[in-house]
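For reference, the structure is listed below as structure tokens.
The values are calculated or read from the model by the stated rules, or taken from the named source; none is laboratory data. On a predicted model such as this, the values are computed, not experimentally measured, just so you know. When we count neighbours, we look across all protein chains shown, and the Cβ atoms used for this are built from the backbone with ideal geometry, even at glycine.
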Amino acid sequence: MPIQKVLVVDDSKTELMFLTDLLQKKGMQVRTAENADEAFRRLAEDKPDLILMDVVMPGQNGFQLTRAISRDPLYADVPIIMCTSKNQETDRVWGMRQGARGYITKPVDPAELQAKIDALN
């Protein structure tokens, strides 16, 4: 099933604008959230085909949110790609253990992001 609807979770407005623009140019519908509470509200309103998840956010971080979403029976089937400035191998491993299906470091390379999305289809 092709990915049409994407939820981008990031507390940086610059990053949200960059990723939204990038994905919309690929013909995807994009919704955004700036924290965990907002992300859960967006999930309840309209289940996405993919979530792009930042790690460093106020309140619940992206690792915690990824774990919560991937363990929720309603959303466990929604793939999550971590999009973060945390570039250590231990961070990548931890993100994948929380339920992420991909891990990209910022600044996001559009070709790398597209390859990760294509790999999910």
*For region 97-105, indicate whether the set of residues that are assigned to a helix (DSSP H, G or I), within 20 Å of Ile3 (Cα to Cα), in contact with a strand residue (DSSP E or B) (Cβ under 9 Å, 6 or more places away or on another chain) and not basic (Lys, Arg) is non-empty.*
no
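Looking for something in contact with a Leu (Cβ under 8 Å, 6 or more places away or on another chain), within 20 Å of Met28 (Cα to Cα), part of a strand (DSSP E or B) and in contact (Cβ under 8 Å) with a residue 60 or more places away in the chain - is there at least one such residue anywhere in region 107-119? Even if it seems obvious, please write down each step before you answer.
Keep residues of region 107-119 that are in contact with a Leu (Cβ under 8 Å, 6 or more places away or on another chain), which gives 108, 110, 113, 117.
Filter once more, keeping what is within 20 Å of Met28 (Cα to Cα): 108, 110, 113, 117.
If we keep only those that are part of a strand (DSSP E or B) as well, we get none.
The answer is no; no qualifying residue exists.
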Flagged pairs (Cβ under 8 angstrom, 6 or more apart or on separate chains; first in region 73-99, of a type in the set (Phe, Trp, Tyr); second at pLDDT 95 or above and surrounded by fewer than 17 Cβ atoms within 10 Å (Cβ to Cβ)) are Tyr75/Lys47
Checked region 12-58 for anything surrounded by 18 or more Cβ atoms within 10 Å (Cβ to Cβ) and of a type in the set (Gly, Ala, Ser); matches are Ala33, Ala36, Ala39
